[in-house]
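One structure is given below, encoded as structure tokens.
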Amino acid sequence: MATVSAPDGVEFVEEDDGRVTARHLESGVASFGDTEAEALRQLADALDSHRGEGDPIDDPEAYLREQGIDVEIGEAGPPPWE
């Protein structure tokens, strides 16, 4: 796994499966994509959400299914940072 620093406080990590993770160094927020550009677009959305600037999601489980993410939110509810 190689790590390359990018301008503006973003770090790219090339994962073993070929995807690229982009991480905002100041906040620790991260996201991934098939390319650096896609990872940055996803990171921008994640940062908006982190800062409370994103669009609210009424049904997180339905949203994740629509995105093709197989995740089950447990009885304890969503993560505490939401």
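Put simply, the amide H of GLY54, placed in the peptide plane, has neighbours under 5 Å in SER49, leaving out anything fewer than 5 places away on its chain. Once the 1.4 Å probe is applied to the protein heavy atoms, the stretch 2-68 comes out at 70 Å² accessible per residue. Which whole-number percent is the relative contact order of the stretch 25-74 (Cα, under 8 Å, 6+ apart)? It comes to 20 percent, rounded to a whole number. Per-residue Karplus couplings for the stretch 41-56, computed as 6.51 cos²θ - 1.76 cosθ + 1.60 with θ equal to phi - 60°, are listed in order as 4, 5, 5, 4, 5, 5, 5, 4, 5, 4, 8, x, 9, x, 7, x Hz, Gly and Pro entered as x. Once backbone amide H atoms are built at 1.01 Å from N, PHE32 has ALA22 as its partners under 5 Å, excluding neighbours fewer than 5 places away on the same chain.
The values are calculated or read from the model by the stated rules, or taken from the named source; none is laboratory data. Because the structure is predicted, anything quoted here is derived from the model rather than measured. Ligands, DNA and RNA are excluded from the accessible area calculation, which covers all protein heavy atoms including side chains. Shrake-Rupley method; radii C 1.70, N 1.55, O 1.52, S 1.80 Å.
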